[in-house]
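Below you'll find the structure, written out as structure tokens, and then a few comments.
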Amino acid sequence: MNILVTGGAGFIGSHLVDALVREGHHVTVIDNLSTGTREFLNPKAEFIETDIRTAKLADIFHAHHFDVVYHEAAQTMVPVSIDNPHFDADENVMGLLSVLEASRKTGVRKVIFSSSAAIYGDNPALPLKEDEIPDPTSFYGLTKWITERYLALYHKLYGLHYTVLRYSNVYGPRQGAHGEGGVIYIFAKALAEGRDITIFGDGGQTRDFISVHDVVSANLAALSKGNEETCNVSTKTEISLNDLAHEMVRLAGRDESVIHYGPERTGDIYRSSLDNDRAYKILGWKPAYTLADGLKDTIEFFRNRE
Ligand SMILES: NC(=O)c1ccc[n+]([C@@H]2O[C@H](COP(=O)([O-])OP(=O)(O)OC[C@H]3O[C@@H](n4cnc5c(N)ncnc54)[C@H](O)[C@@H]3O)[C@@H](O)[C@H]2O)c1
């Protein structure tokens, strides 16, 4: 298939591009390298270095005739969205509209979108199912939710197919400090460099950490399944930041005295876990990586980069 990955130089996008290339697809990446990394780009993919909001986007789509678009490019930082809602909306809503307009005008069959647990807000009905009413606590969560609604309306108006994948907190090699699974990056990097780590808040916050390799396999499944469906991509288990920190300190062979505490961050959800039964039913997907395996892989990656 002829596939576009927006944000294909980023953490998740670059792993997805590698997998699509391995599967024999013709892959194009559009990325402005704002948080992406050139060295993560797969050399077998065509790379177009530009912003998805460029006036030339429709020309690029016309020249390529993409069958499917994976839309990964976004402003991904909750605190940035709180400090600068204009910037967040410009990237995540106006950027999306550029992609959707170019898609519908050039016969793209399907858009597969990276949504987020952030749309649910601080809802205590864990693990959260897809039919919970969204109630974001950050502008980032709000722009992700709006995107989902745009996709549904583009399907209604123009027949453009879509699948929404709501990721929990993604972690793994190549991740940066900025994204939602960023705490694992921050801890892994600090431990690899022999520094101490800081937990913001009391450490009782929980997250549902999903390996980037599992996120990629869910995206691959969505190529042929899940039209007009919304599925969580998660492990359906909660781990507290305290437990995570202790496990990572142990795997890194460090002493627990390296763990410190700092002030809570605005806009952060306290507890988070997503049900993943629907992804199994609709996409035939379930996670294959345990946290222990994934953490070893991630710590190793950052050790090797030092
Ligand atoms: N990492 C997570 O835990 C997580 C969780 C839920 C959802 N997501 C979503 O998954 C997607 C990928 O996230 P990631 O963690 O890989 O982040 P990332 O920052 O590593 O990747 C985003 C990529 O998009 C590019 N980009 C950003 N704005 C752009 C623009 N205007 N034009 C062109 N390129 C642009 C960046 O340079 C980067 O390469 C995002 O949509 C994010 O919201 C991530």
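The values are calculated or read from the model by the stated rules, or taken from the named source; none is laboratory data. If you're wondering where the values come from, they're calculated on a predicted model, not measured in any experiment. Every residue, glycine as well, gets a Cβ built from its backbone with ideal geometry; the counts of neighbours run over all protein chains shown.
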field: Filtered residues of region 217-243 (kept if among the hydrophobic types (A, V, I, L, M, F, W, C), surrounded by 23 or more Cβ atoms within 10 Å (Cβ to Cβ) and assigned to a helix (DSSP H, G or I))
entry: Ala218
- line: Scanning region 172-197 for residues that are touching a Gly at 6+ places or on another chain (Cβ under 9 Å), near the ligand (Cβ under 7 Å from one of its atoms) and not polar (S, T, N, Q), the one modelled with the highest pLDDT turns out to be Gly176
query: How many residues, within region 135-189, are over 12 Å from the mean Cα position of the chain (by Cα), closer than 17 Å to Gly10 by Cα and not aliphatic (A, V, I, L, M)?
result: 3
message: Looking at region 65-92 only, could you name the residues that are away from the ligand (no atom under 11 Å from the Cβ) and closer than 15 Å to Val17 by Cβ?
response: Phe66, Val68, Val69
statement: Exception for Ser224 within (1) in the same structural domain as Ser115 (by TED's automatic domain parsing); (2) in contact (Cβ under 8 Å) with a residue 40 or more places away in the chain; (3) not aliphatic (A, V, I, L, M) falls at (2)
- prompt: Which residue pairs have Cβ atoms closer than 7 Å, lie 6 or more positions apart in sequence or on different chains, and pair a first residue in region 90-109 that is in a helix (DSSP H, G or I) with a second residue that is loosely packed, with under 15 Cβ neighbours inside 10 Å and aromatic (Phe, Trp, Tyr)?
  reply: Arg104/Tyr158
task: Would you be able to say whether some residue in region 249-257 is among the basic types (Lys, Arg), surrounded by fewer than 17 Cβ atoms within 10 Å (Cβ to Cβ), more than 30 Å from Lys110 (Cβ to Cβ) and within 16 Å of the ligand (Cβ to nearest atom)?
output: no
- prompt: Of all residues in region 279-291 being of a type outside the set (Ser, Thr, Tyr) and buried (at least 18 other Cβ atoms within 10 Å of the Cβ), which is modelled with the lowest pLDDT?
  reply: Leu291
